[in-house]
Amino acid sequence: MQVLVIGGTLFIGRALVQELLKAGHEVTVLHRKPKHDLSKRVHNLVADRNDADQMRHALDGRRFEIVFDNVYDWERGTTAAQVEATVKAAGDRLARYVFMSSVAAYGDGLNHYEGDPLAPDNHPEAYVHNKAMTERLLFRMHQKTGLPVTTFRPPYIYGPENPFYREAFFWDRLRAGRPIIIPGDGHRLMQFVYVKDLVRACMRSIEHPAAVGEAFNIGNEKPLTQVELVRTLASAAGKKANMVRVPRERILEAGGNPMGEPAYFGEYFDMPPITMNVSKVSRVLGVRPTPIEDGFRETFRWYMRNGRRTKIDYSFEDKLLAMAQPAGSAG
């Protein structure tokens, strides 16, 4: 089929393009750069997906049967209206419009099912309300016009070529013999999905008629605490973690940034917990999660070949460690 991947050059999109090519599809990527470094078989379109006029111009005269919408503009946000403009620009031959949402669309809470209410339009976090509002819009379009939409709500996505400093953050420190800072008691829950599992689900969603009009939670069944995450990452690297607890309020008072620098627990990793039930994606699409231990080991092998940072400033972490007493290798 003729497939458009919006944002096909990084992480999810890159892995997805590879699988689409293997399956024999004709693939086009749309992004803001004049060329890509993917297979020569992949066509290139240039546009800012947040600009409705650019999207209309880029897609004018082209008819795609499948659209994967994976892009969110972290600086400006991507709104429901901007996604609606993309849907309309894509034309009337769509067999599937697959939108990459997020577990964040629920706003907060534990053990969400797909039928649970999403965050309200006035939620204070732009990413949360944009994802929730976009899903509501797409499912209204499905009801009113028959738009063949499928949405996915992944939690933390891990795997080879992760552009966020997450798994590698911990492996860099474990390999350097550095203590790992644990914010608070380390009991915050985190749920994960392996990028290869997410891509498999995306592929199944364009093949399976039952995916139309459905949202899917996807991820490993059992959330991990922050302490369990560090232990599992350490095990994948053949290391033992020396964890040091620092009260979260002290970290934030010292200037710690859960969203970026100065980082203390990876990028966007120390967040209030949101977890979900993931049974539907296995039941409907037949996609079962890779055991997280296996996924981390595969990712660690990639990291050893490609993902290590050579220059790391540990001064902020040293400042935090001076405030704390070691919690020991057992955490």
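Taking Lys and Arg as +1 and Asp and Glu as -1, the other residues whose beta-carbon sits under 13 Å from that of Glu214 total +3. Note on surface exposure: Arg166, Arg231, Arg283 rank Arg283, Arg231, Arg166 by accessible area, highest first, 1.4 Å probe.
Atom-type composition of the exposed protein surface of the chain places 50 percent of the accessible area on carbon and sulfur (1.4 angstrom probe). Surface analysis of the chain yields an accessible area of 45 Å² per residue, using protein heavy atoms and a 1.4 Å probe. With a 1.4 Å probe rolled over the protein heavy atoms of all chains, the accessible area of Arg93, Arg200, Arg136 falls in the order Arg93, Arg200, Arg136, largest first. For the pair Asp185 and Glu26 in one chain, pulling the backbone fully straight at 0.36 nm per residue adds 52.3 nm over the alpha carbon distance.
Check every DSSP H run in the chain and write down those whose alpha carbon atoms cover 18 angstrom or more along the long axis and whose mean Kyte-Doolittle hydropathy is -0.5 or greater.
Values: long enough: 126-145 (27 Å, -0.72); 195-207 (19 Å, 0.17).
Once both thresholds are applied, what remains is 195-207.
Report the net charge of residues surrounding Arg248, where surrounding means a beta-carbon distance below 12 angstrom and charges are Lys +1, Arg +1, Asp -1, Glu -1.
-1
Net charge within 13 Å of Arg32 by Cβ-Cβ distance, Lys/Arg positive one each and Asp/Glu negative one each, not counting Arg32 itself?
On the way: positive: Lys33, Lys35, Arg49, Arg76; negative: Asp48, Asp51, Asp73, Glu75.
Within the 13 Å Cβ shell, the charges total 0.
Normalised Debye scattering of region 118-223 at q = 0.12, 0.17, 0.18, 0.20 Å⁻¹ gives log10 I(q)/I(0) of -0.59, -1.01, -1.08, -1.20, counting only Cα atoms as equal scatterers and leaving out solvent.
When the Cα positions of Trp171, Pro183, His129 are compared along the charge dipole of the chain, Trp171 comes out farthest toward the positive end, with charges on each C-beta of Lys, Arg, Asp and Glu.
Here the spin labels are modelled as points 7 Å beyond Cα on the Cα-Cβ line, and at Met323 and Ser282 they lie 4.0 nm apart.
Spin-label pair Gln143-Lys311: with each label point 7 Å from Cα along the Cα-Cβ axis, the two points sit 5.5 nm from one another.
Surface calculation, 1.4 Å probe, protein heavy atoms: His123 sits at approximately 40 Å² accessible.
The values are calculated or read from the model by the stated rules, or taken from the named source; none is laboratory data. Note that this is a predicted model, so its numbers are computed, not measured. Don't worry about glycine lacking a Cβ; one is built from the backbone with ideal geometry, like all the others, and counts go over all protein chains shown. Side chains included, ligands, DNA and RNA excluded: accessible areas come from the protein's heavy atoms. Shrake-Rupley method; radii C 1.70, N 1.55, O 1.52, S 1.80 Å.
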